[in-house]
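A quick write-up on the structure given underneath.
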Amino acid sequence: MNRYDQFYINGQWVSPLNGGSFNSYDPSDESLIATVASGSAEDVDVAVKAARAAFDEGPWPRLSGAERGAFLRKIADGIRARQEELATLEVRDNGKPFPEAMWDIGDTAGCFDFYANLAEELDAQREKPVALADDRFSSLARREPIGVAGAIVPWNFPMLMASWKVAPALAAGCCIILKPAEQTSLTALELARIADEAGLPAGVLNIVTGPGSSVGAAITAHPGVDKLAFTGSVPVGSRIMQAAAQDIKNVTLELGGKSPFVIFADSDIEQAIEWIMFGIFWNKGEVCSATSRVLVERSAYEPLLARLAEETRKIRIGNGMEEGVLLGPLVNKNQYDGTLRAISRGLEEGARLVCGGERPAHLDKGFYLQPTVFADVPEDSWIWNEEIFGPVVCIRPFDTEEEAVKSANNSRFGLGAAVMSKDLERCERVARRFRAGIVWINCSQPTFTEAPWGGYKQSGIGRELGEWGLGNYLETKQITRYDSQQPWGWYIK
Ligand code: NAD
């Protein structure tokens with residue numbers, strides 16, 4: 001296995017200035033996978049200076065979009081060529097089942113390809129005339145890279161979340177410092193190897209691993225960083241925004257959620273169950289947009305719960321590398337303990353435990369939990385309102401469309417929302433009433449690189465993916481010219 005005890009800064013593998021390291025463990029058996037370099041503010045300073053020099057003096061922002069796109073395509077190819085190896089690494093680091101990791105890594109390569117296309121298109125769309133009411137002037141709007149970006153990502157989709165920031169930043173012409181989550185740093189370091197093999201100029205992509213409190217905070221506070229892109233929890237997002245306010249850094253935040261799924265009684269119940277399960281058990285429920293609150297029209301409520309419990313009990317739990325496993329261990333002890341605490345809290349709050357709720361009896365090591373279904377969850381309970389970030393779904397009945405929409409929107413979050421009914425007019429109506437950034441009709445969770453991704457309310461600021469993702473890394477400049485032959489004539493008559 002490759003070594004992970006160095007950072008990638010300015011096109012070189014370098015050791016931490018203070019010699020720090022931390023361990024990365026496999027959540028399926030708590031065995032040590034790797035020793036990872038642990039950074040400090042000094043390491044971040046070196047990385048930011050490298051990115052600054054690459055941006056201010058280097059070739060990267062001055063290349064055409066097509067030239068930058070060619071590098072992105074090489075990175076995509078490099079990821080695809082190592083898809084199985086990278087997927088295996090993510091299973092070991094995060095615990096997710098191998099087929100899910102293969103899907104994520106495939107999407108990661110796809111994200112680099114997508115932004116390679118957008119980089120090419122940017123050449124033709126970089127400057128756009130602006131019609132002015134005063135015909136003595138002509139004006140254009142020009143899009144330029146924002147500068148040096150700092151990206152901080154979580155552990156649930158390690159390489160994919162990194163690509164959502166790195167690919168558009170590179171396409172735009174920015175230089176970047178990436179900090180992966182300490183739980184899952186390995187594929188970010190592999191991304192550096194792949195970018196290096198692709199010949200990316202020195203300083204364009206820099207990876208510093210280590211804790212949020214030191215490395216993350218240093219990136220956030222560094223005056224050489226122009227833009228911060230963060231995915232993670234609401235409290236850390238808030239702290240990042242406060243730090244960014246210090247010197248007015250541009251910020252995009254992708255935060256948590258408690259995403260509702262409204263299921264009307266005329267729905268195909270088998271399909272509803274499939275999408276509930278895909279929405280909450282995929283990636284062990286460690287998904288920001290997870291379908292964690294389900295509202296079911298009363299006449300379908302008990303039959304749906306019975307079938308959901310039946311299917312949920314069939315889910316094979318185990319090491320993500322084992323064939324047929326659909327639910328791996330939670331990422332670490334912290335996440336495991338927190339999810340168990342949430343389950344106890346749900347029971348105390350009077351929710352009905354339909355199935356799950358415990359550690360699977362046949363697994364004595366690793367952070368495994370049964371997929372869990374709660375019904376009759378009180379609307380004012382903690383588990384109905386707060387993000388658990390584990391394989392736990394909360395369900396309630398409703399009687400009217402009005403009540404369902406109101407309950408769905410009654411949250412401080414607004415990331416995802418979904419509706420299911422055979423009545424498409426009703427679906428379209430409800431979709432427009434949801435206060436959420438991502439709305440699914442007759443499905444829940446499929447994610448597309450082309451479409452905008454992000455949240456309303458406390459789920460974040462800004463949108464990633466699609467053209468919106470590229471826009472995060474571009475400034476808009478106005479260039480206005482005085483064309484008239486007449487002197488301006490205000491002071492000098
Ligand atoms: P987290 O906020 O604790 O950590 C996220 C990242 O921030 C990590 O890299 C961490 O090291 C870093 N960090 C921690 N403290 C920091 C600080 N003071 N300054 C700078 N960086 C700091 O979240 P997590 O536990 O890693 O991830 C789970 C959370 O992320 C959930 O709440 C989930 O909803 C959210 N999430 C959201 C999305 C989305 O797209 N909206 C995607 C994935 C995860």
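Taking segment 282-299 as the range and being open to solvent by 10 Å² or more (accessible area, probe 1.4 Å) and not small (G, A, S) as the test, the residues that pass are W282, V287, C288, E297, R298. Sort out which residues of segment 445-470 are open to solvent by less than 70 Å² (accessible area, probe 1.4 Å), more than 11 Å from the ligand (Cβ to nearest atom) and over 15 Å from A151 (Cα atoms), and write them in order of number. Those that are open to solvent by less than 70 Å² (accessible area, probe 1.4 Å), more than 11 Å from the ligand (Cβ to nearest atom) and over 15 Å from A151 (Cα atoms): Q445, P446, T449, A451, P452, G466. V439 passes every criterion in (1) more than 16 Å from the ligand (Cβ to nearest atom); (2) open to solvent by 30 Å² or more (accessible area, probe 1.4 Å); (3) assigned to a strand (DSSP E or B) apart from (1). Listed by position, the strands (runs of 3 or more DSSP E) contained in segment 1-95 that have at least 3 residues being in contact with a strand residue (DSSP E or B) (Cβ under 7 Å, 6 or more places away or on another chain) are 7-9, 21-26, 31-37.
Looking at A151, A167, A172, can you tell me which residue is in contact (Cβ under 8 Å) with a residue 40 or more places away in the chain, more than 14 Å from the ligand (Cβ to nearest atom) and in contact with a strand residue (DSSP E or B) (Cβ under 7 Å, 6 or more places away or on another chain)? Selected residue: A172, the only one of A151, A167, A172 that is in contact (Cβ under 8 Å) with a residue 40 or more places away in the chain, more than 14 Å from the ligand (Cβ to nearest atom) and in contact with a strand residue (DSSP E or B) (Cβ under 7 Å, 6 or more places away or on another chain). Once segment 181-214 is narrowed to residues that are surrounded by fewer than 19 Cβ atoms within 10 Å (Cβ to Cβ) and among the charged types (D, E, K, R), the residue that is nearest to D77 (Cα to Cα) is E197.
Any residue in segment 125-147 that is touching a residue at least 12 places away in the same chain (Cβ under 8 Å), closer than 30 Å to S28 by Cβ and surrounded by 21 or more Cβ atoms within 10 Å (Cβ to Cβ)? No, segment 125-147 contains no residue that is touching a residue at least 12 places away in the same chain (Cβ under 8 Å), closer than 30 Å to S28 by Cβ and surrounded by 21 or more Cβ atoms within 10 Å (Cβ to Cβ). Among the residues of segment 474-491, is there at least one that is aromatic (F, W, Y) and surrounded by 13 or more Cβ atoms within 10 Å (Cβ to Cβ)? No, the conditions are met nowhere in segment 474-491. Taking the criterion of being surrounded by 21 or more Cβ atoms within 10 Å (Cβ to Cβ), more than 17 Å from L191 (Cβ to Cβ) and in contact with a Ser or Thr (Cβ under 6 Å, 6 or more places away or on another chain), the only residue of segment 17-57 that qualifies is S38. Identification of helices (runs of 4 or more DSSP H) wholly contained in segment 177-266 with 2 or more residues that are within 11 Å of the ligand (Cβ to nearest atom), within 15 Å of the chain's Cα centre (by Cα) and in contact (Cβ under 8 Å) with a residue 40 or more places away in the chain yields 234-246.
The values are calculated or read from the model by the stated rules, or taken from the named source; none is laboratory data. As the structure is a prediction and not an experimental result, all values here were calculated from the model. Using ideal geometry, Cβ is built from the backbone for each residue, glycine included, and neighbour counts are taken over all protein chains shown. For accessibility, only protein heavy atoms count, side chains too; no ligands or nucleic acids. Shrake-Rupley method; radii C 1.70, N 1.55, O 1.52, S 1.80 Å.
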